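Reviewing the structure listed below.
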Protein chains: 2
Amino acid sequence: MKISELVETSGVPLPTVKYYLREGLLPPGRSTGRTRAEYGDEHVHRLAVIRALIEVVGLSVQQVRTILALIETAPRSPAELFDVLGRAVGTLTDASQPAPAEDYPRARAALERLGQLYDPRYAAVAQLERALAAAEAAGVPATPERIDVYGAAMRQVAQFDLEEIPEEPAAAVEYAVVGTAVHGPVLAALRRLAHQDLAAQRLGITGAE
Amino acid sequence: MKISELVETSGVPLPTVKYYLREGLLPPGRSTGRTRAEYGDEHVHRLAVIRALIEVVGLSVQQVRTILALIETAPRSPAELFDVLGRAVGTLTDASQPAPAEDYPRARAALERLGQLYDPRYAAVAQLERALAAAEAAGVPATPERIDVYGAAMRQVAQFDLEEIPEEPAAAVEYAVVGTAVHGPVLAALRRLAHQDLAAQRLGITGAE
DNA sequence: TGCGCTGGATAGTACCGCTATCCAATACTG
DNA sequence: CAGTATTGGATAGCGGTACTATCCAGCGCA
């Protein structure tokens, strides 16, 4: 497949494809002559993943690069898979604020309440702390009851997520990382639709107006 | 409170406060002389909300402006509250892609499966469609079983969210809109922490290492 | 043989969220 | 009442990001 065909099938403009190549998001094609290179289905797929992560999940090019690099690594053990996943999840959280704290009191309280492990080195712990602090400052603090409900719901979601991860280690990383990321917006949309559905029910609004 | 005091108590730099005033995110203070104005606690609170929406939720200044404008409106009936909330939720979804379609097949299938109302005019429906399409293109499609699990979990979350909305109409809008937005990152963080907790359990990893 | 695509490089653009500077008017301070 | 600091208001600049455009020489294909 020539680059022009890759552009056509993927729908991504040529300058953008070149940009992704430059930035190392897209691996170069197999060179066949000094001004020719051959691209394959994996390039089409990779482009779809890149666009999903950037456009739908809203990640930066830098974050996508990190995640794609992690996907390339084939874990040699379940523990290594776990480690790679942890680092991938870490890059999902916007790292604009380094938040180099060593204790996250709100997150710790929440996790203890949920009976989950509190380890301040997890990036998601810092993210939780920031979110809880912001909610508090904005006047809509997350009460313990809210934490209970949210925690239980997310546990069900996570349970399902883990079950769906394929056994085969190489596929597992990509599936888990990309899946976690792109299913996030699905969850957010479903939450909003549930709001609207429940509110409509409550108001006795039956259908479109 | 002078503007310098507002800057001090809020922690937001003076140029940024001026910027928010210019952009209409922060209402002007009560003018007391041609070069003086008086700010109150509501300005401090407003700044906290703005920072939470921009820094933690990741909204654009334009989105924040729209949402704050909606908050100002005092609904006169539950139906109007519902309408305002719907529009607020609409602005939460990134509007970079207009997606002016009139049918969203993936979203419709998902909502029918969940027994929820499908109305293509809801912004969240378009968002769901985009997320499902991206997941599909990226090779991690949301299966019907996943939709079931996610839908049920989000329904529990939404149920709780609605219960917590105060009766008083003026407070209700702000609470519902800001709460929906800032609790989103809390949910995302809890999902990732649930992943890690369950994965650690499964691997027999008991603590930090 | 010539036309056009290709890889590669470099430069430019558009937007966003601030941030900095300047100014004149005015308020407080001694 | 003089002097200094602060304020509102306006304008301009900055730094980052994600592209987008242009140019070029060298092929490859017809």
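Could you please let me know if B:L198 is out of contact with any strand residue (DSSP E or B) (no Cβ under 8 Å at 6 or more places or on another chain) and either within 7 Å of chain A (Cβ to nearest Cβ) or among the charged types (D, E, K, R) (or both)? Judged against the criteria, B:L198 is a match. The residue list A:Q62, A:Q127, A:Q116, A:Q156 contains one member that is more than 8 Å from every other protein chain (Cβ to nearest Cβ) and within 30 Å of B:A135 (Cα to Cα), which is A:Q62. Does any residue of the stretch A:70-86 turn out to be more than 16 Å from DNA strand D (Cβ to nearest atom), at the interface with another protein chain (Cβ under 10 Å from one of its Cβ atoms), part of a helix (DSSP H, G or I) and under 16 Å from B:L190 (Cα atoms)? Yes, because at least one residue in the stretch A:70-86 is more than 16 Å from DNA strand D (Cβ to nearest atom), at the interface with another protein chain (Cβ under 10 Å from one of its Cβ atoms), part of a helix (DSSP H, G or I) and under 16 Å from B:L190 (Cα atoms). A single member of A:V89, A:V140 is at pLDDT below 85 and surrounded by 15 or more Cβ atoms within 10 Å (Cβ to Cβ), and it is A:V89. State which residue is nearest to A:V56 (Cα to Cα) when the search covers only the stretch B:40-75 and only residues that are in contact (Cβ under 8 Å) with a residue 60 or more places away in the chain and β-branched (V, I, T). If we take residues in the stretch B:40-75 being in contact (Cβ under 8 Å) with a residue 60 or more places away in the chain and β-branched (V, I, T), then B:V57 is nearest to A:V56 (Cα to Cα). Inclusion of A:I50 among residues that are within 16 Å of DNA strand C (Cβ to nearest atom), modelled with pLDDT of 95 or more and either more than 19 Å from B:R192 (Cα to Cα) or not β-branched (V, I, T) (or both) is not warranted.
I'd like the residue in the stretch A:130-142 that is in a loop (DSSP other than H, G, I, E, B) and within 8 Å of another protein chain (Cβ to nearest Cβ) and, out of all such residues, is nearest to B:V57 (Cα to Cα).
Within the stretch A:130-142, the subset in a loop (DSSP other than H, G, I, E, B) is A:138-142.
Imposing the further condition that a residue be within 8 Å of another protein chain (Cβ to nearest Cβ) reduces the set to A:138-140, A:142.
On the way: A:A138: 12, A:G139: 15, A:V140: 14, A:A142: 15 Å.
That would be A:A138.
If the condition is being assigned to a helix (DSSP H, G or I) and either more than 9 Å from DNA strand C (Cβ to nearest atom) or within 14 Å of chain A (Cβ to nearest Cβ) (or both), then the stretch B:1-31 contributes B:I3, B:S4, B:E5, B:L6, B:V7, B:E8, B:T9, B:S10, B:L21. Before we move on, is A:E164 more than 8 Å from chain B (Cβ to nearest Cβ) and of a type outside the set (G, A, S)? No: the conditions fail for A:E164.
Applying the set (1) out of contact with any Ser or Thr (no Cβ under 8 Å at 6 or more places or on another chain); (2) within 16 Å of DNA strand C (Cβ to nearest atom); (3) at pLDDT 95 or above; (4) closer than 29 Å to A:L162 by Cβ to A:G58 leaves exactly one unmet item: (3).
Look at the stretch B:43-58 and say how many of its residues are within 16 Å of DNA strand D (Cβ to nearest atom) and within 11 Å of chain A (Cβ to nearest Cβ). Walk me through how you get there before you give the answer.
Of the stretch B:43-58, the ones within 16 Å of DNA strand D (Cβ to nearest atom) are B:43-44, B:46-47, B:54-55, B:58.
Checking the rest, the ones that are also within 11 Å of chain A (Cβ to nearest Cβ) come to B:44, B:46-47, B:54-55, B:58.
Residues meeting the conditions: 6.
The values are calculated or read from the model by the stated rules, or taken from the named source; none is laboratory data. Not measured: the values here are computed from a predicted model. Counting neighbours? That spans all protein chains shown, and the Cβs are built from the backbone with ideal geometry, glycine included.
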